[in-house]
1. Does residue 81 fit the bill of being touching a helix residue (DSSP H, G or I) at 6+ places or on another chain (Cβ under 6 Å), crowded, with 21+ Cβ neighbours inside 10 Å and either modelled with pLDDT under 95 or closer than 20 Å to residue 38 by Cβ (or both)?
2. Filter the range 124-136 down to residues that are touching a strand residue (DSSP E or B) at 6+ places or on another chain (Cβ under 6 Å) and either over 13 Å from residue 107 (Cβ atoms) or in contact (Cβ under 8 Å) with a residue 60 or more places away in the chain (or both), then give me how many there are.
3. Within the range 22-33, can you find the residues that are in contact with a helix residue (DSSP H, G or I) (Cβ under 6 Å, 6 or more places away or on another chain) and touching a residue at least 60 places away in the same chain (Cβ under 8 Å)?
4. Which of the residues belonging to the range 34-66 are outside any helix (DSSP H, G or I), surrounded by fewer than 18 Cβ atoms within 10 Å (Cβ to Cβ) and in contact (Cβ under 8 Å) with a residue 12 or more places away in the chain?
5. Which of (1) crowded, with 18+ Cβ neighbours inside 10 Å; (2) within 26 Å of residue 70 (Cα to Cα) is the odd one out, the single condition residue 100 does not satisfy?
6. For the subset of the range 121-135 comprising residues that are part of a strand (DSSP E or B) and in contact with a helix residue (DSSP H, G or I) (Cβ under 7 Å, 6 or more places away or on another chain), which member is surrounded by the most Cβ atoms within 10 Å (Cβ to Cβ)?
């Protein structure tokens, strides 16, 4: 088990004609964060994701926000998923599954995930408004799709109820964070939780 417990960290640099992204993650950090995407509400959500998952994150993004927020948010999901996938390595010795219900005032969100190398997203969440600040709420699904498919996670997100869109989104991000914290933790004996022997 001691051989498995190495520092799980990764850096990703992703440059396109639409975005320029640097991400560093440390899975067993203290949930400290240094985040600047140019989108205030998105910074807030990623800070919550970092804090509540215990994954320390540095995220620096320059995107074509003169167009809209789409490329910035989706590409951040891609790069963050790649960073998590790289930091997890072979994914041996982890709990693998995680589920969390998170309330945020009147809103309640649930996330259940499997770090499986079989990416999938189920996203059942409705918003009333178009945006929170400069963050288009429809991009919440796009972010988590990009994140799930690039990290190799089966990700189910359900918003059970709520009325305030800020609270809904925050409950969603925090539910993912807590489920991820459980799933990425080391298990008791270092074994790979799979009948195939590998993930």
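The values are calculated or read from the model by the stated rules, or taken from the named source; none is laboratory data. Quick caveat, the model's predicted, so the values are computed rather than measured. Glycine also receives a Cβ, built like all others from the backbone with ideal geometry; neighbour counts cover every protein chain displayed.
1. On the way: touching a helix residue (DSSP H, G or I) at 6+ places or on another chain (Cβ under 6 Å): yes; crowded, with 21+ Cβ neighbours inside 10 Å: yes; either modelled with pLDDT under 95 or closer than 20 Å to residue 38 by Cβ (or both): yes.
Here the answer is yes, as residue 81 does meet what is asked.
2. Start the filter on the range 124-136 by keeping residues that are touching a strand residue (DSSP E or B) at 6+ places or on another chain (Cβ under 6 Å), which leaves 124-125.
Right, trim to either over 13 Å from residue 107 (Cβ atoms) or in contact (Cβ under 8 Å) with a residue 60 or more places away in the chain (or both) and you get 124.
Qualifying residue count, the range 124-136: 1.
3. 23, 25, 27
4. Here is the first cut: in the range 34-66, the ones outside any helix (DSSP H, G or I) are 34-39, 54-66.
Filter again for surrounded by fewer than 18 Cβ atoms within 10 Å (Cβ to Cβ), leaving 34, 36, 38, 58, 60, 62, 64-66.
Listed by number, the residues that qualify are 34, 36, 38, 58, 60, 62, 64, 65.
5. Every listed condition holds for residue 100 apart from (2).
6. Going through the range 121-135, the residues part of a strand (DSSP E or B) turn out to be 121-124, 131-132, 135.
Still in the running and in contact with a helix residue (DSSP H, G or I) (Cβ under 7 Å, 6 or more places away or on another chain): 121, 123, 132, 135.
Details: 121: 18, 123: 16, 132: 22, 135: 25.
Applying the filter and picking the extreme gives 135.
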